[in-house]
Amino acid sequence: MTNHSETTGPFEDGDIAGGEPLNERSTHDTQVTLRTPAELADALPYLLGYRPQDSIVLVALHDRGGRGRFGGRARLGIPAAKEDWEAAARQLIQGLVTGSERRGTRPKQMVAYVCQEPGRGETGRDVMLRLQPLAQLLRIECGTFDVPVIEALCISDGRFWSYCCPIEGCCPEDGTPMGLPGTSVLAAAATYAGIQVRGTLRELRVRLLPWETTAALEQEIALDAAGMSLVPRILDDASRASVAEETLELAERIIRRFAGASPVSGTHPADLRDDDLLADDEAAALILGLQDRTTRDRAAAWMEGDEAASALRLWRALARRCVGPYGEHAAAPLTLAGWVAWSTGDELEAREAFAMALGADPDYLFARLLHQACNEGLDPESIRRCLRADRAGRAQAVIEERTGSAAEANSGAPSGTDVTDSGASARAEGCGADPAPGTGARRRRRTRSAAGRDSGSHQHRGEAGRRRPNGSHPQAPAAGPSRPGSSARQGGTRARSGDGTSRGTSAGSGRLETEGSG
């Protein structure tokens, strides 16, 4: 589960992970047996792949030859209001049991964790006592599903407490210190098996959150200006296709620019480098252009090989630029970031990006379908096949169009037939059982105009005005990733009002609606 606002939310906005990472036979034939609360506490980061904070975590156990083996895991943020605890506990257990049953194995037992750092003036023991009713609710709700909790642990301030220890005076009142990270037998076995722990979710989320610095104002001004120029063109049937081509060509140039940049160590320095390589006006044009479903689906084809890493960096950078009133626009780049992460094997970042996309826009169907597929452990290859086929079809269309145009020019015949396409999502609907990107109902997208501002007084920063690291001016390589799609005309977006008629936008109240924009 991912619920970082610390309130219970819809189940689809959470994370449920499947698989048995620690005690299933691997290619290294590694098996780890956990017997004590200390070993279970130490195992939690390896079960999730990160160190949870402010979290309720349930881990399913399945029976195999009289021994329990780890199954699915589910996490939900601890609601701030105690009256929400019961609903959160019920939501968590119901989702985990349902997901396990869908994969063919119902849990036999559960291990429950509550993790929270002390607040001002609190100790770890205070946290343990305060969360004890929550742990009891977890045990009760699991009991209603006939899945007993065999251990419930509180982890706080580098210590853990067991809520299930039956021996009075057995456990220290101040808790048992956690072992140093990476020093246990379990840590060694996990490292040998290739299991990594990636810090906390907060550290992952900060790479995708909008700016809150003084630079955010300049980016908001650029988004206002871009909205004034791009929204009328997107709403115009005659110019919509050209906006899509400009968006994809600009994205391709920036992906090549990112690929040619000098590497730096550390995620934060790397993100700062990418921010310096992307101008405010470029980011604004891409953010608004990607609100079109068909353009977004074509951009999703940068999903594998050498181009995937640079594309992921671009989608992260765009998510950070959805500042101020443009927070809802982050759903598109966040979903693209999640898709590329999932396609390249990083399910942790994928689930978090999808959840953040749904936080930005709860009705964004593209994110909802991909999030559900990722949570259920489906293979993204079926979606990749659809996107590859769409990309190949567009390339073939370009070849045929250009060949036909050349022949007609030589023969004096009339120009060829237009090539139209409704986007990757239309084809993906028939590509197997996995949810396909871009399928969804028609919905509205708000685009803020620059009402009340003199947009002419703000100059867009071009190549000369782009912020760059000192002394750095990356050059685009001679050959880079191919742009998904072609110069073929695309369809699929339409400006509509409530009665289905075309409409324009007015300053301060314009709404950009794309067909099936979820």
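Among all positions in the range 273-281, there is at least one residue which is modelled with pLDDT of 95 or more, farther than 23 Å from Arg205 by Cα and in a helix (DSSP H, G or I). Considering the range 128-164, the residues that are among the acidic types (Asp, Glu) and not in a helix (DSSP H, G or I) include one that is nearest to Val111 (Cα to Cα), namely Glu151.
Right, Val197: at pLDDT 90 or above and either among the β-branched types (Val, Ile, Thr) or touching an Asp or Glu at 6+ places or on another chain (Cβ under 8 Å) (or both) or not? No; evaluated as a whole, the condition is false for this residue.
Tell me, which residue of the range 117-159 that is aliphatic (A, V, I, L, M) and open to solvent by 30 Å² or more (accessible area, probe 1.4 Å) is modelled with the lowest pLDDT?
Start the filter on the range 117-159 by keeping residues that are aliphatic (A, V, I, L, M), which leaves 127-129, 131, 134-135, 137-138, 140, 147, 149-150, 152-153, 155.
Narrowing the set further to residues that are open to solvent by 30 Å² or more (accessible area, probe 1.4 Å) leaves 129, 137, 140, 150.
On the way: Leu129: 94, Leu137: 94, Ile140: 94, Ile150: 91.
Among those residues, the one meeting the criterion is Ile150.
Answer with yes or no whether Ala341 is under 19 Å from Leu201 (Cβ atoms), surrounded by 24 or more Cβ atoms within 10 Å (Cβ to Cβ) and not hydroxyl-bearing (Ser, Thr, Tyr). Here the answer is yes, as Ala341 does meet what is asked.
Which of the residues belonging to the range 287-304 are farther than 12 Å from Pro333 by Cα and outside any helix (DSSP H, G or I)? Matches in the range 287-304: Ala301, Trp302, Met303, Glu304.
Residue by residue, here is whether (1) touching a Gly at 6+ places or on another chain (Cβ under 6 Å); (2) open to solvent by 10 Å² or more (accessible area, probe 1.4 Å); (3) modelled with pLDDT under 80 holds:
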| position | (1), (2), (3) |
| --- | --- |
| Met1 | yes, no, yes |
| Thr7 | no, yes, yes |
| Glu12 | no, yes, yes |
| Asp29 | no, yes, yes |
| Pro52 | no, yes, no |
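Here is a check on your reading of the model: is Trp161 closer than 28 Å to Arg202 by Cα and over 29 Å from the mean Cα position of the chain (by Cα)? Yes: the conditions hold for Trp161. Return the residues of the range 87-116 that are among the small types (Gly, Ala, Ser) and either without any contact (Cβ under 8 Å) to a residue 24 or more places away in the chain or open to solvent by 60 Å² or more (accessible area, probe 1.4 Å) (or both); say none if nothing qualifies. Result: Gly104, single match.
Would you call Thr214 more than 30 Å from Ala353 (Cα to Cα), modelled with pLDDT under 95 and either open to solvent by 90 Å² or more (accessible area, probe 1.4 Å) or β-branched (Val, Ile, Thr) (or both)? Show your work before the answer.
Values: more than 30 Å from Ala353 (Cα to Cα): no; modelled with pLDDT under 95: yes; either open to solvent by 90 Å² or more (accessible area, probe 1.4 Å) or β-branched (Val, Ile, Thr) (or both): yes.
Taking the combined requirement at face value, the residue does not satisfy it.
Only one entry in Ala284, Ala308 is crowded, with 24+ Cβ neighbours inside 10 Å and assigned to a helix (DSSP H, G or I), namely Ala284.
Which one is modelled with the lowest pLDDT among residues in the range 282-313 that are of a type in the set (D, E, K, R) and within 11 Å of Ala251 (Cβ to Cβ)? Checking each candidate, the answer is Glu307. When you look at Leu58, is it open to solvent by less than 10 Å² (accessible area, probe 1.4 Å) and part of a strand (DSSP E or B), yes or no? It is true that Leu58 is open to solvent by less than 10 Å² (accessible area, probe 1.4 Å) and part of a strand (DSSP E or B).
Per the listing Ala226, Ala238, Ala270, Ala251, the residue uniquely more than 21 Å from the chain's Cα centre (by Cα) and part of a helix (DSSP H, G or I) is Ala226.
For the range 92-123, how many residues are assigned to a strand (DSSP E or B) and over 14 Å from Val149 (Cα atoms)? Can you show your working first?
First, pick out the residues of the range 92-123 that are assigned to a strand (DSSP E or B): 109-115.
Pick out the ones that are also over 14 Å from Val149 (Cα atoms) and you get 115.
Residues meeting the conditions: 1.
Scanning the range 358-381 for residues that are open to solvent by less than 20 Å² (accessible area, probe 1.4 Å) and under 18 Å from Ala319 (Cα atoms) yields Leu358, Asp361, Tyr364, Phe366, Ala367, Leu370, His371. Scanning the range 287-297 for residues that are of a type outside the set (A, V, I, L, M, F, W, C), under 18 Å from the mean Cα position of the chain (by Cα) and open to solvent by less than 10 Å² (accessible area, probe 1.4 Å) returns Gln291, Arg296, Asp297.
The values are calculated or read from the model by the stated rules, or taken from the named source; none is laboratory data. Owing to the predicted nature of the structure, the values given are computational and were not obtained by experimental measurement. Neighbour counts are summed over all protein chains in view; Cβ atoms, including those assigned to glycine, are modelled from backbone coordinates with ideal geometry. For accessibility, only protein heavy atoms count, side chains too; no ligands or nucleic acids. Shrake-Rupley method; radii C 1.70, N 1.55, O 1.52, S 1.80 Å.
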